[in-house]
Amino acid sequence: MKVINSTRAYLEDQTVQELKVKSHDKLAHRPPRSTRRELIKKSPVKANLTDYESTRLTFSWDQAKAELSYFAEGKLNAAYNAVDRHMHDGRRNKVALYSVDINGQIEKFTYQDIYFSANRMGNALRQLGIEKGDRVFVYLPRIPELYVTTVAVAKIGAIAGPLFSAFGPDALRDRLLDSEAKIIVTTPALKARVDEVRSELPDLEYVIVVGADPSSLSPGELSYEELTELSSDKLECTPMEPDDPLYLLYTSGTTGKPKGVIHVHNDILGHHMTTKWVLDLRDDDVYWCTADPGWVTGTVYGIFGPWSNGASVVTYEGRFDAQDWYGLIDKLKITVWYTAPTALRMLMKAGDELVYKYKLDSLRHILSVGEPLNPEVIRWGMTVFGLPIHDNWWQTETGMQLIANLPCLPIKPGSMGKPLPGVCAAVVDDDGNELEPGQLGRLVVRPGWPAQLRQIWRNEEKYNEFFRIPGWYFSGDNAWIDEEGYFWFVGRADDVINTAGHRVGPFEVESALVEHPSIAEAGVIGKPDKERGEIIKAFIVLANEVTASPELIEDIKEFTKRKLATHAYPREIEIRESLPKTRSGKIMRRLLKAWELGLPTGDTSSLEDD
Ligand code: ATP
Ligand code: MG
């Protein structure tokens, strides 16, 4: 594999420390200088992980087990660690969940509330015949019952299947059929979509409905409230082998048909430690993970990780809305906020004036995951929140964060950070040989981290593909490592563009594009070209109040040429109202490409369609 092209220098420009003194002209509505300086000066509290280098040398996952509770013979249960143990560690009456409904009403649930409710639901499921290993799907909006049901399923050793409540009937059918789910828990509104495909799901025995009028239910449908009211609130967690399945989650579907990834109870060890180090949660934090549990981030870092650490978690039922989001941070005094680049770009698009209408100084730590985090977004975060945004990298398959910008390390905008203690990540060629710093290659990880995928549901061949590079787990992403050990994401292995012999990652072009003041979002693909092999084509969404013109397109081309290199600017630019995205907020470049080339669009069950 070749050395990456010269455009790299653009990304590796400066660390956040340097950014603090850099002026920035895109932001028209900045607060007065004095306020800005004050914001930036805000010094973060001491991090949970303070010494990266020495921890990396001494840490072992075996030793970290001391942070968890185990049953006899090394058995454990993730739900015991997330909830039950807080009945005896002084957190019993601590708020486990701030549930904010669609109208902004806030309800609080203590660890004890979650414990008893999950016990009731666990007993109800058992009475319905659910046994260890059975699949129970959770098809709910972000309401408390989603959290309770997930814990209940784990307590009895069944496998939880999180589903986005926005999924349509086709997405449901594919996942329930593939996994032979026995039960689905849903609401009356969502049940209509289950009804559409129920006749095609021979294994689905019961539909449990939250908030239904019991008289409206048909045979095979049960009221959640009736079931749980009648059951006992005493339930011991089933002791599980570390490798027994905990949840089954389908990947985002960004690159193709979603894969059913099996994760196990042992994952909780990884959830716990990464939450502690990367999210840096402590007892007085109010933590908001904006991800829906239908996406791995929402399950791992919206439920198991933070609860295992005894944190107070915020969940918001509503959709993205810049005012609602800022309002929520302000009202609940949120301190740690885990979100995604797409949301941050939309917040940027909503304008800086809006940010300053709210009091957001409770925030002390901001994180992002799911897609490359454009350096521009980090700079914006520094200006409006006075805090750097910490990018981190992982996948549904890896089950936990593996590479991160830890609070104790300087951030290089555009870099995903460094591998966590206990994680050995590398960049290799196709034969598994480690490459020199600066060389572009495959991003791989040494197998053996606690939350590593255990199977692709009934698809051994697909599972084996992850281990096709000898000695490594292959992520499917391309990256390079700099001299200081920072990892830089270049793109999905399949997305890398080869234009006139230069290899260009879509991310660097997209990042340069969104630095243009007129551009809010950008998706870049390689378009086949007789002369150059491929040319770079960009699909862009304009910033608010910007109108398209041929001059603007020319200006954008010149701008990217200057930022990157003459070979790396988009020769074609198309303006769109929006970009196709998965439910987890990722730009679906494969759809842009299929549309561009008039090819079949493949599986679109996880496409965000409204
Ligand atoms: P599918 O596997 O079905 O195509 P997906 O890969 O988007 O979908 P996820 O497991 O949700 O499904 O996403 C993991 C991928 O997201 C990573 O392989 C990487 O391409 C991208 N990603 C995650 N975090 C980052 C990050 N911090 N920077 C760059 N890319 C990221
Ligand atoms: Mg993937």
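Please treat every number below as a calculation from the coordinates, not as lab data. These numbers come from a predicted model, not from an experiment. Cβ coordinates were reconstructed from backbone atoms using ideal geometry, including for glycine residues, and neighbour counts include every protein chain displayed.
Suppose every K and R has +1 on its Cβ and every D and E has -1 on its Cβ; what is the size of the dipole of the chain about the Cα centre, in Debye to the nearest 20? Let's see the in-between values first.
Working: 72 positive and 88 negative charges, 273 e Å.
Dipole of the chain, to the nearest 20 debye: 1320 debye.
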Between region 493-516 and region 416-442, the alpha-carbon center distance in angstrom: 20 Å
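Given contacts defined as C-alpha pairs under 8 Å and at least six residues apart, what's the relative contact order of the chain, whole-number percent? Show your work: numbers first, answer last.
Working: 1292 pairs, mean separation 89.9, N = 610.
In percent, rounded to a whole number, it is 15.
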In Hz, Karplus ³J(HN,Hα) per residue of region 56-61 (6.51, -1.76, 1.60; θ = phi - 60°; x = Gly, Pro): 4, 6, 9, 6, 9, 5
Pair E229, K349: separation of 7 Å Cα→Cβ label points (nm): 4.5 nm
Expected 222 nm ellipticity per residue - DSSP helices of 4 or more, -39500 (n - 2.57), all of the chain, to 500: -8000 deg cm²/dmol
Between region 229-276 and region 129-145, the alpha-carbon center distance in angstrom: 11 Å
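Counting DSSP beta bridges with both partners in region 111-264, what percentage is antiparallel, nearest 5? Mind showing how you got there, number by number?
Details: 5 of 20 bridges.
Given both bridge residues lie in region 111-264, the antiparallel proportion sits at roughly 25 percent.
List D555, D267, D352 from most exposed to least, where exposure is judged by having the fewest other Cβ atoms within 10 Å.
Numbers: D555 14, D267 26, D352 17.
Neighbour counts put them in this order, fewest first: D555, D352, D267.
What is the fewest-to-most order of S179, S475, S199, S362 by other Cβ atoms lying within 10 Å of their Cβ? The partial results should precede the final answer.
On the way: S179 19, S475 22, S199 8, S362 16.
Ascending number of Cβ neighbours within 10 Å: S199, S362, S179, S475.
Explain nothing, just the number: dipole magnitude of region 111-264 about its Cα centre with +1 on each Lys and Arg Cβ and -1 on each Asp and Glu Cβ, in debye rounded to the nearest 20.
340 debye
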Label-to-label distance, nm, for residues given as E551 and A189 (7 Å Cα→Cβ offset): 4.6 nm
Region 497-597, dipole about Cα centre (Lys/Arg Cβ +1, Asp/Glu Cβ -1), debye to the nearest 20: 560 debye
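Evaluate E = 1/(1 + (r/R0)^6) for R576 and K257, where r is the Cβ-Cβ distance and R0 equals 25 Å; express this FRET efficiency to the nearest 0.05.
On the way: r = 25 Å, r/R0 = 0.99.
So, using R0 = 25 Å, E works out to roughly 0.50.
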Shape category assigned to region 468-604 from the gyration tensor of Cα positions, a/c cut at 1.5: prolate
Cα gyration tensor shape of region 324-403, rounded if a/c is under 1.5, else prolate or oblate by comparing a/b with b/c: prolate
Cα-based shape type of region 65-187, given that a ≥ b ≥ c are square roots of the gyration tensor eigenvalues and the cut on a/c is 1.5: oblate
Residues in region 145-172 that a label on S218 would reach, taking backbone N under 16 Å of a point 7 Å out along Cα→Cβ: 169
Per-residue Cβ neighbour rank within 10 angstrom, fewest leading, W277, W61: W61, W277
Karplus-derived 3J(HN,Hα), 6.51/-1.76/1.60, for each residue of region 317-324, Hz, glycine and proline x: 6, x, 8, 5, 7, 4, 5, 4
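Out of the trypsin sites (Lys or Arg not before Pro) in region 420-464, which ones are loop residues according to DSSP with at most 13 other C-beta atoms within 10 Å?
Values: sites: R442, R454, R458, K462; in loops: R454, R458.
Those that pass, being in a loop and sparsely packed, are R458.
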Amide N of region 97-137 lying under 14 Å from the label point, which is placed 7 angstrom from the Cα of F320 along Cα→Cβ: none
